[in-house]
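Just dropping this structure here.
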Amino acid sequence: VPVSADMPGFSQAVIGQVADQAGMDATLFEGACGLAARLMEMVEILAAGQDAEKSAVRLLCVTAGQGGAPVLRESVFKGAGQAFNGDLTTDSFDFSGKEMAPCLACTQYCSKDLECVYHDAMQEFRAKWLQADALVWLVGAHEFGIDPALIAAIDRMNQTRFEIHFAVGQAHMPRYVKSMGVLASGNHSERIAAAIRFLRQSAVLYQNVLIPQESFGGCGICHEHPAFLSADDSEKAVILGREAVKLAVVLQAGLTALAGKLPEAYYPSREHYGVTENNP
């Protein structure tokens, strides 16, 4: 369960390093206190959600360079349906062939209305990502390593988050508590390892919770090497979809039960997402 302290400066659950014989300065001390507070809040969320139920769950399956993606995606949705008999909404986003420009750090755009100067597929991805309770990533090796469109998308979301923080002077960065798992495969182990590190870092940054599934080698990660996954391996995707929804139910029920007690950063508003009547 990744837990990050408050932003900026302590975003990866590692708040700093103190040299031998050196004391802690005020900033590092504040970061340590913040990390401890966020840790206990996550414990509370998980505990409060154990016996509760959520009436609706939104599952997003994201694919990037993955062989057999359509079959695996349906397997993820199959597993999700096995785990949850309530109102389950499934959606997907495929980075293949998508145009995503790198972030230009345009403060005047991000800090005002969350609309980027680029008119590409970013808005569609961001809208789906923000609204999801559970995320499953099906990631394969790309000829350039990690899919460039995926890198650009995450980079721009990170930039947007920091711009909003500085523009409105938030005391805490917003936290997007979602369950998350990754099914990765490919013939290039270095490229797959880089993709997994990239997605793990983004999970911690956004306070996503990696699925604690031992069959995936820990932390919701299943890495198949060297061959691409095929339809014969779809059972792994079924398990991943099932575990993603089961954990999402716990997290969302815990957040609901603790509404009013937890900091507002755990409940980003629709306005914070840039969602309005004119921009749904």
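Determine which lysines satisfy two conditions relative to LYS54: a Cα distance under 21 Å, and not lying fewer than 8 residues away in the same chain.
Partners within reach: LYS78, LYS128, LYS178, LYS246, LYS261.
May I ask for the percentage of alpha-carbon pairs in the range 31-109 that lie more than 15 Å from each other?
Working: 2264 of 3081 pairs.
Of all Cα-Cα pairs in the range 31-109, 73 percent lie more than 15 Å apart.
Report the full-extension gain for the segment GLN50 to ASN85: residue separation times 0.36 nm, less the Cα-Cα distance, to one decimal in nm.
Numbers: separation 35, 0.36 × 35 = 12.60 nm, distance 1.67 nm.
Extending this stretch completely gives an extra 10.9 nm.
Grab the Cα-Cα distance for ALA32 and SER96, subtract it from 0.36 nm times how many residues apart they are, and report the gain in nm with one decimal.
Details: separation 64, 0.36 × 64 = 23.04 nm, distance 4.06 nm.
Once the chain is fully extended between ALA32 and SER96, it gains 19.0 nm.
A further question on this structure: Once you place label points 7 Å from the Cα toward the Cβ at GLU190 and LEU104, how far apart are they in nm?
Distance between label points: 3.3 nm.
Same structure again: Give, in whole angstrom and from largest to smallest, the semi-axes √(5λ) of the equivalent ellipsoid of the range 49-91, with λ running over the eigenvalues of the Cα gyration tensor. Write down the numbers at each step before the final one.
On the way: eigenvalues 118, 19, 15 Å².
Semi-axis lengths for the range 49-91 are 24, 10, 9 Å.
None of the figures in this text is laboratory data; all of them are computed from the coordinates on show. Remember, predicted model here, so these are calculated numbers, not experimental data. Because the Cβ atoms are built from the backbone with ideal geometry, glycine has one as well, and the counts that use them run over all protein chains shown.
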